[in-house]
Amino acid sequence: MTEDDARAWLQAHFDVSRETWERLERYVAILLSAMDEQNLIAESTRPHVWARHIVDSAQLLSHTRQAKEGEWIDLGSGAGLPGIVVACLSDRPVMMVESRRKRIDFLNAVIGDLGLDHARVFGGRVETAPTAQAAIISARAYAPLPKLFASALHLSRKKTIWVLPKGRNAQNELEAARPAWQGVFHVEPSVTDADSAIIVAQGVAPVVMKKGRR
Ligand SMILES: C[S@@+](CC[C@H](N)C(=O)[O-])C[C@H]1O[C@@H](n2cnc3c(N)ncnc32)[C@H](O)[C@@H]1O
């Protein structure tokens, strides 16, 4: 996907208003300029920000159409991917969870600059975030599935939709997690990378082993 393709994809899928374009453009500008001080995205992806990061994040919204009302919680948001992109494209309240000080400051600065009043940051580890009942949980390059689910279970409820972009090992990672984690799982193709996939899950819960069974 070229950068032009990426913009066309966004326009076609979100009917992006002028205000939203301005916010996304401003976010990309802030992100690239902050790269001089901290490594927010891989250096090699700098010329492909719209395809590799903005559309890669935005596509998650397409898998959340059945979600109930409530907050979108993004685990390990880093530079705000996908949290800031989601907040630009949707009115749903967004909470980004990030533990590193410089990234927390960056996220709060972006929220203020773009006027994203429905977005906020929990600065701390996912494990220590106050109990919540998210409508949606996302996590991009945050942790392998078992750690991801274990650390964030207290932020979820039965109907929470989990949208988890993964690399080419999505199917294997899911199969490895299945003995310990139950739920309804789908593996969806990524629009930005034919080799990548998105794990979409609902009803995630630990498998409880019955006493005496091996
Ligand atoms: C590889 S970066 C990915 C950032 C972003 N989601 C992206 O796709 O560009 C992982 C981020 O998760 C954060 N992180 C890792 N473990 C965490 C935890 N237990 N609680 C909160 N943040 C965590 C790191 O500080 C880092 O910013």
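Considering only segment 23-31, I want to know if a residue exists there that is among the acidic types (Asp, Glu), within 14 Å of Val110 (Cα to Cα) and modelled with pLDDT of 95 or more. Checked against the condition, which is being among the acidic types (Asp, Glu), within 14 Å of Val110 (Cα to Cα) and modelled with pLDDT of 95 or more, segment 23-31 yields at least one hit. Every listed requirement among (1) at negative phi; (2) more than 13 Å from the ligand (Cβ to nearest atom) is met by Val126 save one, (2). The number of residues in segment 104-132 being over 15 Å from the mean Cα position of the chain (by Cα) and either more than 22 Å from His63 (Cβ to Cβ) or among the basic types (Lys, Arg) (or both) comes to 20. Listed by first and then second residue, the pairs with beta-carbon distance under 6 Å, at least 6 apart or on different chains, first residue in segment 67-80 and among the aliphatic types (A, V, I, L, M), second away from the ligand (no atom under 13 Å from the Cβ), are Ala67/Ala135; Ala67/Ile136; Ala67/Ile161; Ile73/Ala134. Selection within segment 169-190: residues that are assigned to a loop (DSSP other than H, G, I, E, B) and away from the ligand (no atom under 16 Å from the Cβ). The member of this set that is surrounded by the fewest Cβ atoms within 10 Å (Cβ to Cβ) is Pro179. Only a single criterion out of (1) in a loop (DSSP other than H, G, I, E, B); (2) modelled with pLDDT under 95 is not satisfied by Gly70, namely (2). Applying the criterion of being under 14 Å from the mean Cα position of the chain (by Cα) and assigned to a loop (DSSP other than H, G, I, E, B) to the residues of segment 133-143, the residue that is nearest to Asp56 (Cα to Cα) is Arg140.
Within segment 55-63, is there a residue that is touching a helix residue (DSSP H, G or I) at 6+ places or on another chain (Cβ under 6 Å), without any contact (Cβ under 8 Å) to a residue 60 or more places away in the chain and within 10 Å of the ligand (Cβ to nearest atom)? Within segment 55-63 (the criterion being touching a helix residue (DSSP H, G or I) at 6+ places or on another chain (Cβ under 6 Å), without any contact (Cβ under 8 Å) to a residue 60 or more places away in the chain and within 10 Å of the ligand (Cβ to nearest atom)), the answer is no, since none of the residues qualifies.
Filtered by the rule that a residue be within 14 Å of Ala132 (Cα to Cα) and either surrounded by 24 or more Cβ atoms within 10 Å (Cβ to Cβ) or of a type in the set (D, E, K, R) (or both), segment 143-155 gives a lone residue, Ala152. Among residues of segment 7-30 that are within 17 Å of Pro82 (Cα to Cα), those with a Cβ under 8 angstrom from a residue that is part of a helix (DSSP H, G or I) and of a type in the set (D, E, K, R), sequence gap 6+ or separate chain, pair up as Arg26/Asp113; Ile30/Asp113.
All conditions but one from (1) over 21 Å from Asn108 (Cβ atoms); (2) surrounded by 13 or more Cβ atoms within 10 Å (Cβ to Cβ) apply to Glu43; the one that does not is (2).
Residues of segment 116-132 that are assigned to a helix (DSSP H, G or I) and buried (at least 20 other Cβ atoms within 10 Å of the Cβ): Val126 alone. So in segment 143-155, with the set limited to residues that are in contact with a helix residue (DSSP H, G or I) (Cβ under 6 Å, 6 or more places away or on another chain) and within 11 Å of the ligand (Cβ to nearest atom), which one is nearest to Arg92 (Cα to Cα)? Checking each candidate, the answer is Ala152. The residue that is nearest to the ligand (Cβ to nearest atom), counting only those in segment 79-115 that are buried (at least 20 other Cβ atoms within 10 Å of the Cβ) and part of a loop (DSSP other than H, G, I, E, B), is Leu81.
The values are calculated or read from the model by the stated rules, or taken from the named source; none is laboratory data. If you're wondering where the values come from, they're calculated on a predicted model, not measured in any experiment. Ideal geometry is used to build each Cβ from the backbone, glycine not excepted, and the neighbour counts take in all protein chains shown.
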